[in-house]
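A quick write-up on the structure given underneath.
Just so it is clear, none of the values below were taken in a lab; they were calculated from the coordinates. As the structure is a computational prediction, the values presented were derived from the model and not from experiment. Virtual Cβ from ideal backbone geometry, glycine too; neighbours counted across all protein chains shown.
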Amino acid sequence: MSITLLLIIITCGISYYAFNNPDLMDRLILNPYRITSRNEYYRFVTSGFIHADFGHLIFNMLSLWFVGEGIERLFGMLFGSGGSLYFLFLYLVGIIVSDIPTFLKHRNSSSYNSLGASGGVSAVLFAAILFAPTMTISLYFFIRMKAFIFGILFLGYSFYEAKKGTSYVNHSAHMYGAIFGMVFMAVVYPASVPGFFAQIGEWIGTLRP
């Protein structure tokens with residue numbers, strides 16, 4: 001069984017159980033104030049395994065499924081038997097890193113909560129985008145675009161919404177998770193950086209008459 005599938009099964013199981021158990025949801029959710037006042041740092045990780053509702057859960061897990069196994073196989077080719085550990089590190093640390101800005105911003109707010117695997121999913125997705133920027137990404141099964149174009153739009157939208165700060169969605173987690181994913185890929189596989197620009201250049205070349 002792949003690490004991707006295992007993460008999906010665990011996340012779906014914990015999320016479903018938490019839907020029907022408010023006490024568990026309360027113990028696992030990212031609440032910056034409780035982390036600060038009670039040193040409950042485990043919440044940085046556990047909040048990535050619970051979701052607000054079925055729509056939130058399904059969207060994140062489908063996104064992870066679409067790109068996760070590909071990156072997991074890539075890491076297996078690049079790093080051999082240690083590839084699974086690289087992938088697991090990317091996903092879990094992506095969840096943690098993506099929530100640090102939120103934690104710093106809301107650490108004195110007892111009413112603020114955040115949850116979901118979006119930071120980890122964004123990290124995996126953008127690691128894939130750095131490695132293969134001209135692969136095609138489908139949105140809602142009918143909008144298709146090159147991955148690097150989607151990445152630019154995604155980062156721009158996340159930055160705008162995070163700065164506006166009026167949405168209940170934690171857009172900053174999406175943005176910082178994405179940035180972490182690209183940085184991680186660049187560090188563990190430096191050839192991905194020149195490869196990124198080379199692939200985009202080749203694609204642009206195909207558009208010229």
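Quick rundown of the values:
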read-out	value
Charge tally in the Cβ shell below 9 Å around R34, where Lys, Arg are +1 and Asp, Glu are -1, R34 excluded	+1
Amide H contacts under 5 Å for I50, placed H, 5+ residues apart	G116
FRET efficiency, M145 to A191 (Cβ-Cβ, R0 22 Å, nearest 0.05)	0.35
S192, S110 arranged by Cβ crowding within 10 Å, fewest neighbours leading	S110, S192
C-alpha long axis of helix 83-106 to longest principal axis of the chain, angle in °	60 degrees
Taking only Cα atoms of the range 97-159, radius of gyration then Dmax in Å	14.7, 43
Two-site FRET efficiency, I9 against S109, from Cβ-Cβ distance with R₀ of 45 Å, rounded to 0.05	0.85
Taking V124, V93 and counting other C-beta atoms within 10 Å, the order from fewest to most	V93, V124
Farthest toward positive dipole pole in the chain [+1 Lys/Arg, -1 Asp/Glu at C-beta], among A128, L88, G177	G177
Residue order, fewest to most beta carbons within 10 Å, for K163, K146	K163, K146
Unit charges on C-beta of K, R, D, E only; dipole of the chain, Debye	400 debye
Cα gyration tensor, the chain - rounded (a/c under 1.5), prolate or oblate	prolate
